[in-house]
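Accompanying notes for the structure given below.
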Amino acid sequence: MKNEFNVIADLIEKDKKVLDVGCADGILMKFLKDNKNINIRGLEISKEKVQECIAKGLTVIEGNAEKDLKQFPDKSFDYVVLSQTLQAFLNPELVLDELLRVGKKAIVTIPNFGYWKVRFHLLFKGTMPITKTLPDEWYNTPNLHMCTIKDFFHFVKSKDIKIFKSLALNNLNTSIINESNLGVKNLFADLGIFLIEK
Amino acid sequence: MNTEKNIKTLIVKKPLKLDCGKTIKDFPVAYETYGSLNSKKDNAILVFHALTGDQFVTGLNPVTKKEGWWSYAVGPDKAIDTNKYFVICSNVIGGCMGSYGPSHKDTDQKIFGTNFPVITINDMVKAQYNLLDHFGIDKLFSITGGSMGGMQVLQFISNFPDKSKTVIPIATTSSHSAQNIAFNELGRQAITADSNWKEGNYTSNNTNPGKGLAVARMAAHITYLSKKGLQEKFGRKLQEREDLKFGFDADFQIESYLRYQGSVFVDRFDANSYLYITRAMDYFDLAKQFKGNLSNAFKNTKAKFFIISFTSDWLYPTQENKDIVIALNSIGADVGFVEIESDKGHDSFLLDVPDFLSALKNFLDKSYEEN
């Protein structure tokens, strides 16, 4: 399991009810179910991935987060997880609002466009950056609204969303982000993980 | 139509008050089983059939001598694996494969015809519930069925919330739509317009409204397929001729196909049963039973739901299946949902659609492992 999922799993206590939005093939769901006795549900848009989840014995609903989150009642999950998908929505703000309505807390991870390799790529090559977390070309990327860790940090603050924990990931290194080190983390982390609540 | 041999029957002694107000008792429920019930009695799956189905789910149907209607899904090593599970299916009341229906006789030894009480999905389910007692099963492992079978699944878990661990409604709806009522009415009108129908008393008049029933079947059959599926299978291909004949014979293969479907159906199905069962489907509105709130139909169950729809099914489209998912999610129920890609229309659930069959198998087997 990738390090991002280990970090997410560590943020969730045992025996909770969790919704994994964009759960893909269900690797995180399966881990949470087997190791933390989590009552876990997934929402996934890809039919193939839904089938993979069913084959793992996971409860998953085929659907689109931009349309289908509204069926869940307010605060019906202890945590809602959204891994590296926020930037792919037509309206990320609306999805974020929905995550925080449905979940008592939300865990959102974002690929950091402020990462130094991304900046270098654009600065020196002059073409759209391609990195491990951003592997696609500009013409076939699902990402519509890229942001940096700094952007997201300011964005949630401006919406009066409470940040419980913000973590910077660079390969296997995890470190805490705060107001004072934001500039540095924004340069050296390729992924940001935020535990938030509204 | 049914012959008595090869049909297992449970006589239900207990009176059953029907939704129409009448009470029936000492009535037969015809059933069939596949696989064997284990000692813990925790491996039973109750399968509900659709409009023209019967209790002979898989293998050779001993009455029609044709393959069972769900042979692709049910059998040894299949999606519903009879090496592992004990499958029970019964003919719905109102039907014509041995269960109490309009071709049966009343206490005066007169064939009911249209004097048979109007049956609802709720009545069907209550009648079939008696099979649990018959087999000494406290809790089923699963209930499943497509189309009208799915309606029975939803009604069953609503009536008996703790009687099944898992619930799999397929290609169905919680409330029959105007379009579906319209198609059913077309079928009924075809039957009753046949002069051989004789107000439902065709058996005592030694006639059979076969033409009307065949037209009903032909019209319905179109609704079970998709435009794309029809076009790919038949297109404008001609039936055993080089060119158009400028007449009203079956020039096109699709015409010939529909005529064939109509004619074989007449041999195995009772016209009055067709009226009764389509009526039961039309009356089905689970939300209405709960004052317009479908979620309340499921609020007492802890069962695990898995709902399946098909992309090309325009009779019970994905949205109607999703409405059930939404109702379940709004009360925090354990529900999974998948829409299967298929151009075989509503009939997809009866056919060899690998993604569907593997999803069904994986859901059942993984859920059973967790038992």
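The values are calculated or read from the model by the stated rules, or taken from the named source; none is laboratory data. Quick caveat: nothing in here was measured; it's all calculated off a predicted structure. We place every Cβ from the backbone using ideal geometry, glycine too, and count neighbours over all the protein chains shown.
At a glance:
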item: Given (1) more than 8 Å from chain B (Cβ to nearest Cβ); (2) in a helix (DSSP H, G or I); (3) hydrophobic (A, V, I, L, M, F, W, C), number of the condition A:V80 does not satisfy; result: (2)
item: Hits in region B:74-92 (condition: surrounded by fewer than 21 Cβ atoms within 10 Å (Cβ to Cβ) and either of a type outside the set (G, A, S) or assigned by TED's automatic domain parsing to the domain that holds B:A216 (or both)); result: B:P76, B:D77, B:K78, B:D81, B:T82, B:N83, B:K84
item: Matching residues, region A:18-47, being over 16 Å from the mean Cα position of the chain (by Cα) and within 9 Å of another protein chain (Cβ to nearest Cβ); result: A:N39, A:K47
item: Total residues in region B:180-210, condition in contact (Cβ under 8 Å) with a residue 40 or more places away in the chain, in a helix (DSSP H, G or I) and surrounded by 14 or more Cβ atoms within 10 Å (Cβ to Cβ); result: 11
item: Single residue of region A:48-61 satisfying the filter (among the charged types (D, E, K, R) and facing chain B (nearest Cβ under 10 Å)) that is farthest from A:L90 (Cα to Cα); result: A:K56
item: Filter result (touching a Phe, Trp or Tyr at 6+ places or on another chain (Cβ under 8 Å) and either in a loop (DSSP other than H, G, I, E, B) or crowded, with 18+ Cβ neighbours inside 10 Å (or both)) within region B:213-256; result: B:L213, B:A214, B:A216, B:R217, B:A220, B:T223, B:S226, B:F234, B:R236, B:K237, B:Q239, B:I254
item: Test for B:S71: is it of a type in the set (S, T, N, Q), in the same structural domain as B:L51 (by TED's automatic domain parsing) and surrounded by fewer than 24 Cβ atoms within 10 Å (Cβ to Cβ); result: yes
item: Boolean, B:I191 is within 19 Å of the chain's Cα centre (by Cα) and modelled with pLDDT of 95 or more; result: no
item: Test: residue in region A:148-168 that is outside any strand (DSSP E or B), modelled with pLDDT under 95 and aliphatic (A, V, I, L, M); result: no
item: Pick from region B:315-346, criterion more than 9 Å from chain A (Cβ to nearest Cβ) and of a type in the set (S, T, N, Q), ranking: surrounded by the fewest Cβ atoms within 10 Å (Cβ to Cβ); result: B:Q319
item: Residues of region A:148-198 classified as hydroxyl-bearing (S, T, Y) and in contact (Cβ under 8 Å) with a residue 40 or more places away in the chain, total; result: 1
item: Residue under evaluation B:L351, criteria (1) within 14 Å of chain A (Cβ to nearest Cβ); (2) in contact (Cβ under 8 Å) with a residue 24 or more places away in the chain; (3) out of contact with any helix residue (DSSP H, G or I) (no Cβ under 8 Å at 6 or more places or on another chain); (4) closer than 23 Å to B:Q179 by Cβ, criterion not met; result: (1)
item: Listing of helices (runs of 4 or more DSSP H) fully contained in region B:267-371 that carry 2 or more residues being in contact with a strand residue (DSSP E or B) (Cβ under 6 Å, 6 or more places away or on another chain); result: B:318-329, B:354-369
item: From the options A:F120, A:F124, A:F113, residue that is among the aromatic types (F, W, Y), buried (at least 17 other Cβ atoms within 10 Å of the Cβ) and free of Cβ contacts under 8 Å to residues at least 40 places away in the same chain; result: A:F113
item: Flag for A:K70 being more than 29 Å from A:L172 (Cβ to Cβ), surrounded by fewer than 24 Cβ atoms within 10 Å (Cβ to Cβ) and either touching a residue at least 40 places away in the same chain (Cβ under 8 Å) or in contact with a Pro (Cβ under 9 Å, 6 or more places away or on another chain) (or both); result: no
item: Residue within region B:17-29 that is part of a loop (DSSP other than H, G, I, E, B) and buried (at least 24 other Cβ atoms within 10 Å of the Cβ) present; result: no
item: Subset of region B:151-179 (residues that are under 23 Å from B:F310 (Cα atoms) and part of a loop (DSSP other than H, G, I, E, B)); result: B:A171, B:T172, B:T173, B:S174, B:H176, B:S177
item: Residue that is farthest from A:K47 (Cα to Cα) [pool: residues in region B:260-288 that are surrounded by fewer than 20 Cβ atoms within 10 Å (Cβ to Cβ) and polar (S, T, N, Q)]; result: B:S263
item: Cβ-Cβ under 6 Å pairs, at least 6 apart or on other chains, region A:128-147 side free of Cβ contacts under 8 Å to residues at least 40 places away in the same chain, far side part of a loop (DSSP other than H, G, I, E, B) and aliphatic (A, V, I, L, M); result: A:W138/A:M128
item: Some residue of region A:37-59 being in contact (Cβ under 8 Å) with a residue 40 or more places away in the chain, among the hydroxyl-bearing types (S, T, Y) and touching a Gly at 6+ places or on another chain (Cβ under 9 Å); result: no
item: From the options B:K5, B:K40, B:K14, residue that is more than 20 Å from B:L360 (Cα to Cα) and either in a strand (DSSP E or B) or free of Cβ contacts under 8 Å to residues at least 40 places away in the same chain (or both); result: B:K40
item: Residue match in region A:75-96 (condition: out of contact with any strand residue (DSSP E or B) (no Cβ under 8 Å at 6 or more places or on another chain) and among the polar types (S, T, N, Q)); result: yes
item: Residues of region A:62-71 satisfying the condition of being more than 7 Å from chain B (Cβ to nearest Cβ), not in a loop (DSSP other than H, G, I, E, B) and not small (G, A, S); result: A:E66, A:K67, A:D68, A:L69, A:K70
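Here's the yes/no breakdown for (1) β-branched (V, I, T); (2) out of contact with any Lys or Arg (no Cβ under 7 Å at 6 or more places or on another chain); (3) closer than 26 Å to B:G95 by Cβ:
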{"residue": "B:R241", "(1), (2), (3)": "no, yes, no"}
{"residue": "B:A250", "(1), (2), (3)": "no, no, no"}
{"residue": "B:G262", "(1), (2), (3)": "no, no, yes"}
{"residue": "B:F269", "(1), (2), (3)": "no, yes, yes"}
{"residue": "B:S273", "(1), (2), (3)": "no, yes, yes"}
{"residue": "B:A280", "(1), (2), (3)": "no, yes, yes"}
{"residue": "B:Y283", "(1), (2), (3)": "no, yes, yes"}
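Here is a yes/no grid of residues against (1) surrounded by 17 or more Cβ atoms within 10 Å (Cβ to Cβ); (2) more than 20 Å from the chain's Cα centre (by Cα); (3) at pLDDT below 95:
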{"position": "B:G94", "(1), (2), (3)": "yes, no, no"}
{"position": "B:G101", "(1), (2), (3)": "yes, no, no"}
{"position": "B:D106", "(1), (2), (3)": "no, yes, yes"}
{"position": "B:T114", "(1), (2), (3)": "no, yes, no"}
{"position": "B:P117", "(1), (2), (3)": "yes, no, no"}
{"position": "B:V125", "(1), (2), (3)": "yes, no, no"}
{"position": "B:H134", "(1), (2), (3)": "no, yes, no"}
